[in-house]
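Input: a single structure, listed below in structure tokens.
The values are calculated or read from the model by the stated rules, or taken from the named source; none is laboratory data. The structure displayed is predicted, hence computed values, not measured ones. Backbone-built Cβ (ideal geometry, glycine too); neighbour counts: all protein chains shown. For the accessible areas, the whole protein counts, side chains as well, though only heavy atoms, and no ligand, DNA or RNA atoms are used. Shrake-Rupley method; radii C 1.70, N 1.55, O 1.52, S 1.80 Å.
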Amino acid sequence: MNTSPITEPTEFAIEAKGLSKHFGNKIAVNKLNLTIPKGSIYGFLGPNGCGKSTSIRLLTGLLEASEGNVSILGSPLLGHEESLKKRIGYMTQKFSLYDNLTVQENLSFVGAIYGFAGKRKKNRLEELLALYDLEKQAKQFAGSMSGGQKQRLALACATLHSPELLFLDEPTSAVDPENRREFWERLFDLCATGTTILVSTHYMDEAERCHALAILENGNKRADGSPQALMDAMPATVVEVSGNKLRQLKQTLTQHPEILSAAQIGAHLRVLVKKKVQDPLNFISQLSNGRETVLARPSLEDVFVTCTGDRYVD
Amino acid sequence: MWIRVYAIFIKELKQLSRDRMTFGMIIMIPLVQLMLFGYAINTDARHINVGLVDLSQTSESRAVEQALVATQSVDFIARYRSIKEAEVAITKGEIRAVLYLPADMTRRLFNHPLYDNKQADSALTLPIGQWIVDGSDTVITSTIRTLRNMPLNEVANHTVTRSSPSFEVVQYFNPEQRTVVNIVPGLVAVILTMTMILFTSSAIVRESEQGNMEFLITTPVRSIELMIGKIAPYVLVGLLQVAIILSVGQWLFSVPIKGSFLSLLGSSILFIFASLTLGLVLSTIAKTQLQSMQMTIFILLPSILLSGFMFPYDAMPVAAQWIAEALPVTHFMRMIRAIALRDASLLLLGKDALWLGLFTVGGIVIASLRFKKTLG
Ligand SMILES: Nc1ncnc2c1ncn2[C@@H]1O[C@H](COP(=O)(O)OP(=O)(O)OP(=O)(O)O)[C@@H](O)[C@H]1O
Ligand SMILES: [Mg+2]
């Protein structure tokens with residue numbers, strides 16, 4: 001036993017340096033650096049094929065990295081994959097439980113795999129069925145459940161052994177907004193008990209709930225930080241233009257090199273102007289023949305647009 | 001460790017029992033194959049369709065025809081006026097052979113040394129008739145060949161002094177010479193090869209294909225646990241199939257089971273393990289269920305053709321015998337026939353048993369080395 005004062009607990013659940021993965025010539029993840037503090041909810045935000053799943057597979061030890069170092073919960077991933085497996089949970093993007101087993105049987109199987117038996121297993125299963133509102137479906141085949149129910153079952157299985165670190169790969173892609181809220185309530189509950197959660201998504205509203213997030217594109221990390229910090233540090237100003245013939249205006253505006261994007265939202269045109277433009281209101285006003293312009297609060301979507309696509313700002 | 005193996009085992013059994021198609025196949029494959037092979041495979045050909053060109057048109061020629069029909073070897077289904085016509089029919093495949101009886105057949109018959117005591121000079125002997133055979137099928141050819149020396153005493157109204165044979169043959173174990181007696185135990189070997197390899201090779205691949213593997217390998221399951229748990233249910237399946245084939249074989253075809261139950265069980269288990277590990281090795285190579293199916297067929301064909309199931313092992317060239325020796329099924333084919341038909345004990349068949357054991361150990365080592373707990 002170590003009698004010296006408790007050693008400083010590692011404060012990071014995940015630390016990655018220069019993590020890369022190549023599939024042949026294709027670079028799926030390019031020199032990813034991450035530091036994710038314990039007890040937080042961290043998001044991967046990015047479009048299809050940007051490398052979210054690949055990054056998660058690298059961090060869980062499912063794929064071998066081409067380059068880079070990863071340490072998970074204080075120990076290097078390389079060489080500790082097996083011992084770490086008891087401490088992490090993983091919910092795959094594609095439903096990965098057995099369609100022709102019932103909810104109860106699936107949970108029971110996963111429980112046995114994690115070494116639960118007898119009374120302890122029974123209690124844990126009851127607890128999870130109640131927590132994830134699956135009691136009525138206990139005897140139903142997993143294959144015949146709705147998307148949201150499947151998602152809850154998958155989360156129940158991934159958290160059965162109370163992991164310290166939980167990876168969720170697009171957990172809410174088949175879930176309606178109401179159930180998504182519910183789902184996120186559960187995640188915050190887990191977070192409150194000290195679980196670190198890494199969640200990938202392509203929904204802005206979900207990304208906004210994370211303590212911190214990374215925006216990924218084509219295997220590169222374009223930006224990271226808390227949603228607020230990202231919005232504050234956004235290298236562009238948001239200007240809303242109102243008036244008529246917005247579609248033509250959009251055409252002319254997007255051709256200008258100082259304008260990152262223009263998107264129609266209802267009766268407004270939301271224009272992102274590079275920060276280096278001194279007086280954006282006046283600038284847009286002139287470009288749009290004196291239409292009414294107002295400054296708007298940046299949203300996470302604006303951040304996303306600013307740092308992805310071919311006009312992204314470094 | 002065993003709690004996880006048990007969990008996988010139970011899970012696999014449950015899935016198997018719910019997969020109606022697979023479950024049906026486990027029972028239907030042995031039954032249907034048994035019927036097919038038991039009734040259809042017969043190496044002594046009978047009722048071969050043949051034609052007749054009878055230029056003699058005498059009561060003797062009709063008597064010859066009747067004598068041939070009485071052997072049940074051939075059925076005369078057509079008559080032709082000339083050899084030319086008959087040859088066309090053979091080419092078309094309507095008949096497999098034709099009997100040509102020349103116009104002077106009666107004279108030839110009575111001048112034949114066998115039936116004519118006065119004429120001892122065999123130099124003058126002419127054959128009574130001629131068989132023209134489609135020689136591409138060797139089984140048919142050899143059946144027709146056996147008709148060469150068919151005695152025609154009754155036709156010639158003559159009794160000959162029978163020559164006594166040089167050897168006497170005593171037939172042990174299958175006195176009635178029924179092919180099915182040899183087929184049924186052999187079928188156990190072939191069907192087990194097919195189902196055991198196919199089920200295991202696709203069992204692991206299925207997990208990857210349906211995405212279950214991605215979750216499984218982030219759990220503390222070890223590859224050896226996964227493998228044992230996944231193949232264990234199929235040991236039961238294999239034993240069930242052995243029981244079905246042997247008992248239905250006994251019931252329908254009266255194929256005896258002479259050997260002891262323990263020897264039968266022991267050899268079956270050894271072979272099931274060897275086949276299952278072969279399937280496991282294949283599953284570490286295949287990426288999709290289709291690929292695992294193709295590889296199974298790749299193994300299955302030599303298993304049927306070279307194992308001694310269809311053709312006697314001893315008659316094969318040495319190279320083929322080497323290939324056959326490498327296949328577990330050849331050893332089991334020997335063992336199960338010896339045990340079921342000749343009451344051999346497992347100890348008497350030590351060499352074959354040892355090979356199956358070694359094959360299993362080697363297979364497990366290779367499969368565990370090849371199976372990596374990572375994706376891609
Ligand atoms: N096994 C593989 N072999 C080759 N290329 C791969 C492999 N896995 C992923 N890729 C490629 O790597 C890139 C990133 O894929 P990944 O699955 O990580 O994307 P994603 O962000 O999860 O996308 P989605 O939102 O659609 O799930 C893609 O371009 C994909 O084609
Ligand atoms: Mg993905």
**Asked** Are any residues in region A:33-61 of a type in the set (A, V, I, L, M) and away from ligand 1 (no atom under 13 Å from the Cβ), and if so, which ones?
**Response** A:34, A:36, A:41
**Request:** Please work out if residue A:285 is without any contact (Cβ under 8 Å) to a residue 12 or more places away in the chain and either more than 29 Å from residue A:159 (Cα to Cα) or surrounded by fewer than 22 Cβ atoms within 10 Å (Cβ to Cβ) (or both).
**Result:** yes
**Candidates B:55, B:31 - the one that is more than 14 Å from chain A (Cβ to nearest Cβ) and out of contact with any helix residue (DSSP H, G or I) (no Cβ under 7 Å at 6 or more places or on another chain)** = B:55
**Message:** For a quick check of your reading: which strands (runs of 3 or more DSSP E) sit entirely within region A:66-174 and have at least 1 residues that are open to solvent by less than 60 Å² (accessible area, probe 1.4 Å) and within 9 Å of chain B (Cβ to nearest Cβ)?
**Reply:** A:88-91, A:165-169
**Message:** Quick check on region B:87-117: of everything there that is touching a residue at least 12 places away in the same chain (Cβ under 8 Å) and polar (S, T, N, Q), which residue is farthest from residue B:52 (Cα to Cα)?
**Reply:** B:111
**Fill in**
Of the residues in region B:208-251, those that are farther than 18 Å from residue B:14 by Cβ, among the β-branched types (Val, Ile, Thr) and more than 14 Å from chain A (Cβ to nearest Cβ) come to B:242, B:244, B:245, B:248
**Asked** When you go through (1) within 16 Å of ligand 1 (Cβ to nearest atom); (2) outside any strand (DSSP E or B); (3) within 14 Å of chain B (Cβ to nearest Cβ) one by one for residue A:206, which number turns out not to apply?
**Response** (3)
**Asked** Quick one: in region A:17-60, which of the residues that are more than 16 Å from ligand 2 (Cβ to nearest atom) and touching a helix residue (DSSP H, G or I) at 6+ places or on another chain (Cβ under 7 Å) is nearest to residue A:168 (Cα to Cα)?
**Response** A:41
**Request:** For residue B:70, state whether it is free of Cβ contacts under 8 Å to residues at least 24 places away in the same chain and more than 26 Å from the chain's Cα centre (by Cα).
**Result:** yes
**Asked** Can we say residue B:310 is open to solvent by 30 Å² or more (accessible area, probe 1.4 Å) and either farther than 24 Å from residue B:258 by Cβ or not assigned by TED's automatic domain parsing to the domain that holds residue B:207 (or both)?
**Response** no
**Prompt:** For region A:46-65, which residues satisfy the criterion of being part of a loop (DSSP other than H, G, I, E, B), touching a Lys or Arg at 6+ places or on another chain (Cβ under 9 Å) and more than 8 Å from every other protein chain (Cβ to nearest Cβ)?
**Reply:** A:46, A:51, A:65
**Request:** Could you list all residues from region B:203-243 that are in contact (Cβ under 8 Å) with a residue 40 or more places away in the chain and among the charged types (D, E, K, R)?
**Result:** B:206, B:209, B:214, B:222, B:225, B:230
**Prompt:** Can you find a residue in region A:209-217 that is within 14 Å of the chain's Cα centre (by Cα), over 22 Å from residue A:299 (Cα atoms) and surrounded by 22 or more Cβ atoms within 10 Å (Cβ to Cβ)?
**Reply:** no
**Prompt:** If a residue has to be β-branched (Val, Ile, Thr) and open to solvent by 10 Å² or more (accessible area, probe 1.4 Å) to count, how many in region B:191-235 make the cut?
**Reply:** 4
